[in-house]
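Heads up, the thing below is written out as structure tokens.
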Amino acid sequence: MLHLTWFEFFVRSIPESFFIVLLVYAFSKQKVDKKRYILASLLYAVLVFAVRELPIIFGIHTFIVLFVLIVITCYINKIKVIVSFRSSILTMILLYICELVNIFFVQYVFHLNIEKMYTDVYIKTLYSLPSLLLIAVVSIFAYYMLVVNKRKKGVI
């Protein structure tokens, strides 16, 4: 099981959910509706927290979270199912790439013990912040390039 503490929920999960939903908007090439965006992001964060509390085998939560993201972006953000499916998968792939890059740097560049890091919630959250920053940069850049920039040029 992948339990989250309330500290991790507020410091990591909530900000990350905003960037994940923004990235789905970017890949869907849709302009953000602020109310729907906030609602979807907060609901996604809460549901991810709930899924991580389930007594399931490691890895299964990924598929459940992906399904949750697809459903939320379809029903709340009004993104078409096929577009939401594609965008959600791309988003999750990018999220995991950002986390892998972070773990690579923590383990092989800074030579920190990953196992020890995961025993302390505060240290784990601190060392996971670079991947959060990376997904933030990717999300904002993708949204700007795929949605904002295209609208300025009159493509969409």
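The values are calculated or read from the model by the stated rules, or taken from the named source; none is laboratory data. For clarity, every value in this text was computed on a predicted model and none was experimentally measured. Cβ placement follows ideal geometry from the backbone for every residue including glycine, while neighbour counts extend to all protein chains displayed.
Determine whether residue 136 is under 23 Å from residue 64 (Cα atoms), surrounded by 13 or more Cβ atoms within 10 Å (Cβ to Cβ) and either under 17 Å from the mean Cα position of the chain (by Cα) or not β-branched (Val, Ile, Thr) (or both).
Judged against the criteria, residue 136 is a match.
Where residues in the range 78-91 are within 16 Å of residue 142 (Cβ to Cβ) and free of Cβ contacts under 8 Å to residues at least 60 places away in the same chain, which of them is nearest to the chain's Cα centre (by Cα)?
89
Within the range 113-128, can one find any residue that is modelled with pLDDT under 95 and over 18 Å from residue 3 (Cα atoms)?
yes
Taking helices (runs of 4 or more DSSP H) that fall entirely within the range 42-156, which contain at least 2 residues that are aromatic (Phe, Trp, Tyr)?
Correct list: 60-75, 81-104, 121-143.
Restricting attention to the range 111-121, does a residue exist that is buried (at least 18 other Cβ atoms within 10 Å of the Cβ) and among the hydrophobic types (A, V, I, L, M, F, W, C)?
no
Yes or no: the range 52-70 includes at least one residue that is over 21 Å from residue 4 (Cα atoms) and surrounded by fewer than 18 Cβ atoms within 10 Å (Cβ to Cβ).
Within the range 52-70, not a single residue is over 21 Å from residue 4 (Cα atoms) and surrounded by fewer than 18 Cβ atoms within 10 Å (Cβ to Cβ).
Filtering the range 45-61 down to residues that are within 14 Å of residue 12 (Cα to Cα) and among the β-branched types (Val, Ile, Thr), which residue is nearest to the chain's Cα centre (by Cα)?
The residue in question is 48.
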